[in-house]
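The values are calculated or read from the model by the stated rules, or taken from the named source; none is laboratory data. Keep in mind the model is a prediction, meaning the values are calculated, not measured. Neighbour counts are summed over all protein chains in view; Cβ atoms, including those assigned to glycine, are modelled from backbone coordinates with ideal geometry.
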């Protein structure tokens, strides 16, 4: 099997770029995960995974990552991305992502509500949550990005 | 290299949720693959892979999965998702996915047609197919989901 | 951790199909990567990765791949996909992808501009680039596809 990740870091950042994809690339760089290969996943925190916000990811490595992202080319538009982890007492956690044309507070509230639902639907007590969000007012081509990167 | 999967399970399910992402999450839970990390792939069944519908996937593990999915927020709309595997006699198979605003029968027919095409285009005889589909009439926020999860 | 790829191949191809997904499938076959499981990544060429355009990928294997792709069902529409790698002198490279309703030259120019930006934003000299692109005029259901497949 593919090795199950043992560590994680939660990040959020926003950036401008000359193109849609370079705005995304710049947001990843600002978030500290721009020089790796994100492998998008949906979206469970493995049991016993440890948080390490100082994780150093080798350039070019394959990094399983749950993320929300929005790119917008309408100047003046407010965009936001948020991600959150719901932790159980003794088993896996659940990751939820959101992005949209809204502010940071609204994105955070949606994540909190989704985490509550996810645990209710599983019949597991939600012990705590950690949420990161970012908002950005588009200048030319803007990207808001929030992610939980899993690692080993 | 990344290890090539050796087993698979084919599933389909539909669910409602309070948010788009929790509707998707609930459909995954109903399909029995809600507590793992889906890594989306396109979409070949490895040679000699064995079907095991009772596969137990460890929580948080990385699961290569081909899937079709639709989320819809228009009450009363019928949505469907389907997935199918075309098997050859002695080599790899091909997986096709579909989702849309239609019924189960239409989604299944599209999958059957796509599998026929995929084998014709490869010049390989199509020995048999296995198709799973689901349809759902949206109440508030509904998701239809069909997947082939690969495993080891 | 997941093993970091050591080789790569850059490809581009276009094809027609009876369905959107089989047009995509046919483009992958024409590009020589149709019988594997693409795992989409964003999008760094690992340090020291070696180009091998004759790479043989085992059927059904999991292949980390950065790609741009467009499927279009409007007959007569010109579509294009392009991918490019920017190389540094001694560390990782950056991969950029693009697809849209345009010609090959425009897609290539966008990739060149994005690679320039990506290196400027990282403060690393861009030593050389390699770009592959394809354009296609849609007959019924057409797909243009360009990719950098990473391997071991």
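Here are some notes:
- The range C:1-23, residues that are in contact (Cβ under 8 Å) with a residue 40 or more places away in the chain and within 30 Å of residue A:150 (Cα to Cα): C:3, C:4, C:5, C:6, C:7, C:8, C:9, C:10, C:11
- A single entry from A:118, A:81, A:112 fulfils the requirement of being closer than 16 Å to residue A:147 by Cβ and either touching a strand residue (DSSP E or B) at 6+ places or on another chain (Cβ under 8 Å) or at pLDDT below 95 (or both): A:81.
- Within the range B:53-74, the residues that satisfy the criterion of being closer than 13 Å to residue B:151 by Cβ and within 14 Å of chain A (Cβ to nearest Cβ) are B:55, B:56, B:57, B:58, B:61, B:62, B:63, B:64, B:65, B:66.
- Considering only residues in the range A:37-52 that are surrounded by fewer than 17 Cβ atoms within 10 Å (Cβ to Cβ) and either closer than 15 Å to residue C:95 by Cβ or within 12 Å of chain B (Cβ to nearest Cβ) (or both), the one that is modelled with the highest pLDDT turns out to be A:47.
- Members of the range A:88-108 found to be more than 19 Å from residue A:14 (Cα to Cα) and touching a strand residue (DSSP E or B) at 6+ places or on another chain (Cβ under 9 Å), listed by number: A:88, A:92, A:93, A:94, A:95
- Residue check, residue A:65 at pLDDT 95 or above, outside any loop (DSSP other than H, G, I, E, B) and out of contact with any strand residue (DSSP E or B) (no Cβ under 7 Å at 6 or more places or on another chain): no
- Residue A:5 within 7 Å of another protein chain (Cβ to nearest Cβ) and part of a loop (DSSP other than H, G, I, E, B): no
- Any hit, the range B:57-64, residues being at positive phi, buried (at least 20 other Cβ atoms within 10 Å of the Cβ) and more than 16 Å from the chain's Cα centre (by Cα): yes
- Qualifying residue in the range C:48-59 (condition: over 27 Å from residue B:62 (Cβ atoms) and assigned to a helix (DSSP H, G or I)): no
- Residues in the range C:92-150 that are touching a residue at least 40 places away in the same chain (Cβ under 8 Å), more than 15 Å from the chain's Cα centre (by Cα) and within 11 Å of chain A (Cβ to nearest Cβ): C:92 only.
- Of the criteria (1) at the interface with another protein chain (Cβ under 7 Å from one of its Cβ atoms); (2) free of Cβ contacts under 8 Å to residues at least 40 places away in the same chain; (3) crowded, with 18+ Cβ neighbours inside 10 Å, which one residue B:34 fails: (1)
- Members of the range C:88-120 found to be surrounded by fewer than 21 Cβ atoms within 10 Å (Cβ to Cβ) and assigned to a strand (DSSP E or B), listed by number: C:100
- Condition check for residue C:27: more than 9 Å from every other protein chain (Cβ to nearest Cβ), at pLDDT 95 or above, in a helix (DSSP H, G or I) and crowded, with 21+ Cβ neighbours inside 10 Å: yes
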